[in-house]
Amino acid sequence: MSYVIVARGTGLIVTDGPNKSRAYKTYGAARATRTRLCKKAGWKAGELSIVARDTYQAPKITVKNLMTGKDVEIDADTPWCCNPASETYWSM
């Protein structure tokens, strides 16, 4: 089992590095990283929670497909270049 750190307001994964889907092997490692984030990045301990990776579900948002005009549901942390509502997505 692995653990991720999640912001309570948005439900998005928070990390201390460039890897957005960072999972920690133990609860203690996730707790240590949460403490580090609170000290360095200015988070409060109540704003971050530790969740088991297999139970975490990314929040969804609805965007309008640029080509068809239909609504599409995507993960909230989807990069702009992978979002069908952007010109970048359709120009690749």
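The values are calculated or read from the model by the stated rules, or taken from the named source; none is laboratory data. Quantities reported herein were computed from a predicted structural model and do not represent experimental measurements. Please note: Cβ atoms are built from the backbone with ideal geometry, for glycine as well, and neighbour counts cover all protein chains shown. Accessible surface areas use protein heavy atoms only, side chains included; no ligands, DNA or RNA. Shrake-Rupley method; radii C 1.70, N 1.55, O 1.52, S 1.80 Å.
Annotations
- Here segment 51-92 is treated with +1 on each Lys and Arg Cβ and -1 on each Asp and Glu Cβ, and its dipole about the Cα centre works out to around 60 debye.
- Apportionment of accessible area to carbon and sulfur, segment 45-92, percent (1.4 Å): 53 percent
- At 0.692 mPa s and 37 °C, Stokes D of the chain from Kirkwood alpha-carbon radius, µm² per second: 224 µm²/s
- Solvent-accessible area per residue for the chain (1.4 angstrom probe, square angstrom): 69 Å²
- Percentage relative contact order, the chain, counting C-alpha pairs under 8 Å, at least six apart: 25 percent
- Between 0 and 90°, nearest 10: helix 27-40 axis offset from the chain longest Cα axis: 80 degrees
- Comparing I61, S91, T33 along the charge dipole axis of the chain, the residue lying farthest to the positive side is T33, per the Cβ-charge model.
- Helix content alone sets the calculated 222 nm mean residue ellipticity of the chain: runs of n ≥ 4 DSSP H residues at -39500 (n - 2.57) each, divided across all residues, give -6000 deg cm²/dmol.
- Remark: segment 1-49 carries a charge dipole of roughly 120 debye about the Cα centre, counting +1 on each Lys and Arg Cβ and -1 on each Asp and Glu Cβ.
- Student exercise, the chain dipole from Lys, Arg, Asp, Glu Cβ charges, in Debye to nearest 20: 560 debye
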